[in-house]
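Beneath this line is the structure, given in structure tokens, with notes to follow.
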Amino acid sequence: MSAGDAHILTINAGSSSVKYALFAHATGARVHDGQIEGLGVGGLSHEQALRQVMAQIGPARVIAVGHRIVHGGVRFTAPVRIDDEVMSAMAALEPLAPLHQPHNLAGVRAAMRAFPAAPQVACFDTAFHRTMPEVHQRFAIPRALHEAGVRRYGFHGLSYESIQRQLAKRDPVLAAARVVVAHLGNGASMCAMRAGASVATTMSFSPLDGLPMGTRCGRIDGAAVLYLAQQYERDLDRVARLLYRESGLLGLSGLSGDLRTLLKSSAPGALEAIEYFVEHVQAEIAGMAAALRGIDALVFTGGIGENARAIREHVVRGLEWMGLKLDTKAHAAKAECISAADSPVAIWVLHTDEESVIARHTARAIAGKPVR
């Protein structure tokens, strides 16, 4: 990293860590990345974390900073340069993503102070899903509430865009067909894509909905939430903590929210949590295929999707009725395409690269070019 070379820095600021990556502006090549841990109560501030980032990237000349922002609401349908007005609009969305948005914006403020001369660009996880048909953006509630923002937004959009671009390079014809992407990790969701655009997704109003996750419950009856609020004497913060932090694989197993730990365990709770997770992954894949009126490809990504071979196999074996056939040799060899030659549905495993998507959008935003 030369002090004279221009670089784009990407920031993904969370509640406990800051993930960052550095890209050469001229080539788009990733030259460095890392993660600063220990944020939060009694730990580092975002400003302190950014100082550590600056120490790690050394003399690199940062000409722009791109940020992952979880929620863009209905307004932000594409990446945008951040000014005071945009910052205020993003802050107004904090109630829609209270566990993510405030930390994202804390990272933006810290980066503005750390790199005062560099433009800051917001890249939204929700933006990719604004192509969904209206029927997939609505809840069955009064129209006025929908217009007020109570609707399905969808998340993990930067990951889905990364997968779409990668698949388009490897198999353009398949990428233009009916593709279901399963982003499976501590946070998990799926996206149904046609011609590279989002048609439906499993997360909806918040990142709590859809699949069971590490500590998040996934889909739950709204009446159950009302019941929990009543049982906990209307302490909504306690109910939120229960649903976001104490449920999912952790709640089911009573052991851990980390699937790697559960796969090594013979405890009944661990086995039950794995079975529950796989069952709901299979059901949601079928649901996404229904939204597409068929399926031509399934792509696994995310920490679990990319690395948990046993889970992938379990999922696919339970979907043979949909035409999914696994090539066991390719799967064992960690190939990208793991479907059998006679499988009507292609099956892929691809590594998501959200940072490259953010860097690309940031470069185009500061150049004044269209971001798609």
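The values are calculated or read from the model by the stated rules, or taken from the named source; none is laboratory data. Keep in mind the model is a prediction, meaning the values are calculated, not measured. Neighbour counts run over all protein chains shown; Cβ positions are idealised from the backbone, glycine included. The protein model used for the area step is the full one, side chains on, heavy atoms only, and it has no ligands, DNA or RNA in it. Shrake-Rupley method; radii C 1.70, N 1.55, O 1.52, S 1.80 Å.
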Run ALA168 past the list (1) touching a residue at least 60 places away in the same chain (Cβ under 8 Å); (2) among the hydrophobic types (A, V, I, L, M, F, W, C); (3) over 25 Å from ILE141 (Cα atoms) and report the number of the one that doesn't hold. (1)
For segment 207-220, state whether one or more residues are open to solvent by less than 30 Å² (accessible area, probe 1.4 Å), hydrophobic (A, V, I, L, M, F, W, C) and at pLDDT below 95. yes
If VAL239 satisfies all but one of (1) β-branched (Val, Ile, Thr); (2) touching a Leu at 6+ places or on another chain (Cβ under 7 Å); (3) within 25 Å of VAL180 (Cα to Cα), what's the number of the condition it fails? (3)
Among the residues of segment 314-327, write down those that are open to solvent by less than 80 Å² (accessible area, probe 1.4 Å) and either more than 23 Å from the chain's Cα centre (by Cα) or among the acidic types (Asp, Glu) (or both). GLY318, LEU319, MET322, GLY323, LEU324, LEU326, ASP327
Taking the stated definitions as given, is VAL65 at pLDDT 95 or above, within 25 Å of SER206 (Cα to Cα) and of a type outside the set (Phe, Trp, Tyr)? no
On the given criteria, is PHE139 within 25 Å of THR301 (Cα to Cα), among the hydrophobic types (A, V, I, L, M, F, W, C) and open to solvent by 10 Å² or more (accessible area, probe 1.4 Å)? no
Regarding VAL173, is this residue free of Cβ contacts under 8 Å to residues at least 40 places away in the same chain and more than 15 Å from the chain's Cα centre (by Cα)? yes
Enumeration of residues in segment 12-46 that are free of Cβ contacts under 8 Å to residues at least 24 places away in the same chain, more than 28 Å from ARG245 (Cα to Cα) and open to solvent by 40 Å² or more (accessible area, probe 1.4 Å): ALA26, THR27, ALA29
Counting only residues that are part of a loop (DSSP other than H, G, I, E, B) and open to solvent by 50 Å² or more (accessible area, probe 1.4 Å), how many does segment 338-370 have? 8
Can you confirm whether ALA49 is in contact with an Asp or Glu (Cβ under 8 Å, 6 or more places away or on another chain), buried (at least 19 other Cβ atoms within 10 Å of the Cβ), modelled with pLDDT under 95 and of a type in the set (A, V, I, L, M, F, W, C)? no
List pairs: first residue in segment 284-300 and closer than 12 Å to VAL181 by Cβ and among the basic types (Lys, Arg), second residue outside any helix (DSSP H, G or I) and open to solvent by 10 Å² or more (accessible area, probe 1.4 Å) anywhere in the structure, Cβ distance under 8 angstrom, at least six positions apart or on different chains. none
Residue ID - nearest to SER189 (Cα to Cα), chosen from residues in segment 241-259 that are at pLDDT below 95 and open to solvent by 40 Å² or more (accessible area, probe 1.4 Å): ARG245
Every residue from segment 275-303 that is open to solvent by 20 Å² or more (accessible area, probe 1.4 Å) and either at pLDDT below 95 or in a helix (DSSP H, G or I) (or both): GLU275, TYR276, GLU279, HIS280, GLN282, ALA283, GLU284, ALA286, GLY287, ALA290, GLY303
Find all pairs meeting these conditions: Cβ atoms under 8 angstrom apart; at least six residues apart or on different chains; first residue within segment 79-96 and charged (D, E, K, R); second residue assigned to a helix (DSSP H, G or I). ARG81/ALA365; ARG81/ILE366; GLU94/GLN101; GLU94/PRO102; GLU94/LEU105
Filter segment 188-206 for residues that are of a type outside the set (A, V, I, L, M, F, W, C) and modelled with pLDDT of 95 or more; which is most open to solvent (accessible area, probe 1.4 Å)? ARG194
Residue selected from segment 88-126 under the condition under 18 Å from ALA60 (Cα atoms) and of a type outside the set (A, V, I, L, M, F, W, C), by the criterion surrounded by the fewest Cβ atoms within 10 Å (Cβ to Cβ): PRO116
Considering only segment 224-234, I want to know if a residue exists there that is outside any helix (DSSP H, G or I), in contact (Cβ under 8 Å) with a residue 12 or more places away in the chain and open to solvent by 30 Å² or more (accessible area, probe 1.4 Å). no
